[in-house]
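The values are calculated or read from the model by the stated rules, or taken from the named source; none is laboratory data. Just so you know, these numbers come straight off a predicted model, no measurement behind them. Cβ placement follows ideal geometry from the backbone for every residue including glycine, while neighbour counts extend to all protein chains displayed. Ligands, DNA and RNA are stripped out before the accessible areas are found, and what is left, the full protein with its side chains, is counted by its heavy atoms. Shrake-Rupley method; radii C 1.70, N 1.55, O 1.52, S 1.80 Å.
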Amino acid sequence: MNKLSFDPESADPGSTVTAPQRLAAVAATGLLDTPPEEAFDRVTRLAARVLGVPVTFLSLVDRGRDFYKSQFGFGEPLASSRQLEGLTFCHYAIVSDGPFVLDDTTKDPVFREVPTVVSLGVRAYAGIPLRSADGQALGSFCAIDFQPKRWSAADIEVLTELAQSALREIHLRMAVERTLQLNEELRLANEQLRALATTDALTGLKNRHYFEQSLEANLDLLGRSASPLSL
């Protein structure tokens, strides 16, 4: 089930983790270093409850660190810092062709060397890679246990479905952010057009079109307020 795009005995996922295009895609989510949000926390809570595991999380793999946009079950200080530096199982998950699953991390000579096996006591891991619309690996949606666990096909199916829910939320946030950006660009373009329509390009002074607009507006005001107007 853990289909890697490389041989873990002879290589590590470092080149994928540090690839500029992938890092740009992670930054483009706009989620790095943002506070926890219920829309994501709801999914990690549900994953832990359904799978019966102590820890679940949504990890965005940045340069040199994993940032946890959402987590359930981490102890301190990780629960507060929400990031972990160095090699993690998420690095293997993002280069996997599908779900990356380990029933017992200590049974493999490569994976037992991953620092979190010692620092966090990770014994079982299941991670679903999360990819952008153009296929860039953003991170993973993961579940871990502190004792060996035989992950069933149903477990992985549930984890995959919940991972897709989290990914849809990421894509939705990106679409909303892009819409806001386009609206701002349109507003600025309209301001520039208005400036071009009312300003003389050579002198920078207001032109005849602006004069006529101002005159019409003031005449309208005069008609409604019966105030005097001089020209």
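Checking each residue in the stretch 69-91 for being under 22 Å from ARG131 (Cβ atoms), surrounded by fewer than 19 Cβ atoms within 10 Å (Cβ to Cβ) and not polar (S, T, N, Q) picks out only LEU87. Going residue by residue through the stretch 108-115, is there one that turns out to be touching a Leu at 6+ places or on another chain (Cβ under 9 Å), over 20 Å from LEU46 (Cα atoms) and surrounded by 21 or more Cβ atoms within 10 Å (Cβ to Cβ)? The answer is yes, given that some residue of the stretch 108-115 is touching a Leu at 6+ places or on another chain (Cβ under 9 Å), over 20 Å from LEU46 (Cα atoms) and surrounded by 21 or more Cβ atoms within 10 Å (Cβ to Cβ).
Counted as qualifying within the stretch 41-144 are the helices (runs of 4 or more DSSP H) with 3 or more residues that are in contact (Cβ under 8 Å) with a residue 12 or more places away in the chain, namely 89-94, 115-119. For the stretch 152-162, the candidate set comprises residues that are without any contact (Cβ under 8 Å) to a residue 60 or more places away in the chain and of a type in the set (A, V, I, L, M, F, W, C); within that set, the residue that is most open to solvent (accessible area, probe 1.4 Å) is ALA153.
Any idea how many residues of the stretch 12-22 are part of a helix (DSSP H, G or I), open to solvent by less than 60 Å² (accessible area, probe 1.4 Å) and closer than 14 Å to ARG131 by Cβ? Step through it out loud before you land on a result.
First, pick out the residues of the stretch 12-22 that are part of a helix (DSSP H, G or I): 14-17, 20-22.
If we keep only those that are open to solvent by less than 60 Å² (accessible area, probe 1.4 Å) too, we end up with 14, 16-17, 22.
In the following step, the residues that additionally are closer than 14 Å to ARG131 by Cβ were identified as 16, 22.
So the count comes out to 2.
Total residues in the stretch 116-130 satisfying the condition of being open to solvent by less than 50 Å² (accessible area, probe 1.4 Å) and either within 26 Å of LEU31 (Cα to Cα) or touching a helix residue (DSSP H, G or I) at 6+ places or on another chain (Cβ under 6 Å) (or both): the figure is 9.
For the stretch 46-56, check the following and say yes or no: at least one residue is under 26 Å from SER152 (Cα atoms), at pLDDT below 95 and either under 16 Å from the mean Cα position of the chain (by Cα) or open to solvent by 30 Å² or more (accessible area, probe 1.4 Å) (or both). Within the stretch 46-56, not a single residue is under 26 Å from SER152 (Cα atoms), at pLDDT below 95 and either under 16 Å from the mean Cα position of the chain (by Cα) or open to solvent by 30 Å² or more (accessible area, probe 1.4 Å) (or both).
Look at VAL101 and say whether it is of a type outside the set (Asp, Glu) and either surrounded by 22 or more Cβ atoms within 10 Å (Cβ to Cβ) or over 20 Å from VAL53 (Cα atoms) (or both). When the stated conditions are applied, VAL101 passes them.
If you check ASP7, ASP66, ASP33, which single one turns out to be open to solvent by 20 Å² or more (accessible area, probe 1.4 Å), modelled with pLDDT of 95 or more and among the acidic types (Asp, Glu)? Break it down into steps so the answer makes sense when it comes.
Working: ASP7 fails: modelled with pLDDT of 95 or more; ASP66 fails: open to solvent by 20 Å² or more (accessible area, probe 1.4 Å).
Going through ASP7, ASP66, ASP33 in turn, the sole match is ASP33.
The numbered conditions (1) modelled with pLDDT under 95; (2) open to solvent by 90 Å² or more (accessible area, probe 1.4 Å) are all true for THR199 except (2).
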